[in-house]
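First comes the structure, then the notes that go with it.
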Amino acid sequence: MLIAGKPFNISTITTTGTNIPDGNITLVRDSNGSITALFPSNIAFTFTDVEGTLAIAFEAPDDFKNRTKGLLGTWNDDPLDDFVTPDGTLVPADASPRRIHYEFGLKCEFLLLLLL
């Protein structure tokens, strides 16, 4: 795994937290093997293996509400505007999964500091 662009051995992550100074990230392993990346802004990403598929959960403080856009949607409690592409095109919420993938998801690809 790369963290902040550098190789990192995830087997060294502890349940009490492992600080990654260059990335300003703390990684925590839970008893089920999930890994949570905690950022100083109190944003957290939790990575879990669910039957061989990577599941990612995102948490942020309420003060980020109405200030987020992108691959995780527009956080404003209105699911109708969650699929806005970087160029401002709205893909309807009831579009087919294929259309959402190609017209929204692939256009919103981004590089996280954590690459699995």
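Spin-label pair Ser31-Ala93: with each label point 7 Å from Cα along the Cα-Cβ axis, the two points sit 3.7 nm from one another.
Counting 0.36 nm for each residue step from Val50 to Cys108 and taking away their Cα separation leaves a gain of 18.5 nm.
Assuming charge only on the beta carbon of Lys and Arg (+1) and of Asp and Glu (-1), the dipole of the chain about its Cα centre is about 360 debye to the nearest 20.
Taking a straight Cα-Cα cut-off under 12 Å and skipping sequence neighbours fewer than 8 places away in the same chain, the aspartates and glutamates within cross-link reach of Lys6 are Asp22.
Provide the FRET efficiency to the nearest 0.05 for the Thr14-Glu59 pair, computing r from the beta carbons and using R0 = 25 Å. Calculated value: 0.75.
For the stretch 11-116, chymotrypsin sites (Phe, Trp or Tyr not before Pro) meeting the loop criterion (DSSP other than H, G, I, E, B) and having at most 12 other Cβ atoms within 10 Å: Phe110.
Could you order Ser11, Ser31, Ser41 so the one with the most accessible surface comes first? Probe is 1.4 Å.
Working: Ser11 85, Ser31 115, Ser41 50 Å².
Of Ser11, Ser31, Ser41, the descending order of accessible area is Ser31, Ser11, Ser41.
When its C-alpha radius of gyration is set against 2.2 N^0.38 Å (N residues), the chain gives a value of 1.19.
Cross-link partners of Lys65 among aspartates and glutamates, defined as those whose alpha carbon lies under 20 angstrom from its own and excluding same-chain residues fewer than eight positions apart: Asp77, Asp78, Asp81, Asp82.
The values are calculated or read from the model by the stated rules, or taken from the named source; none is laboratory data. Quantities reported herein were computed from a predicted structural model and do not represent experimental measurements. Cβ sites come from the backbone with ideal geometry, for glycine too, and all protein chains shown count toward neighbours. What goes into the accessible areas is simple: the full protein's heavy atoms, side chains included, and nothing from ligands, DNA or RNA. Shrake-Rupley method; radii C 1.70, N 1.55, O 1.52, S 1.80 Å.
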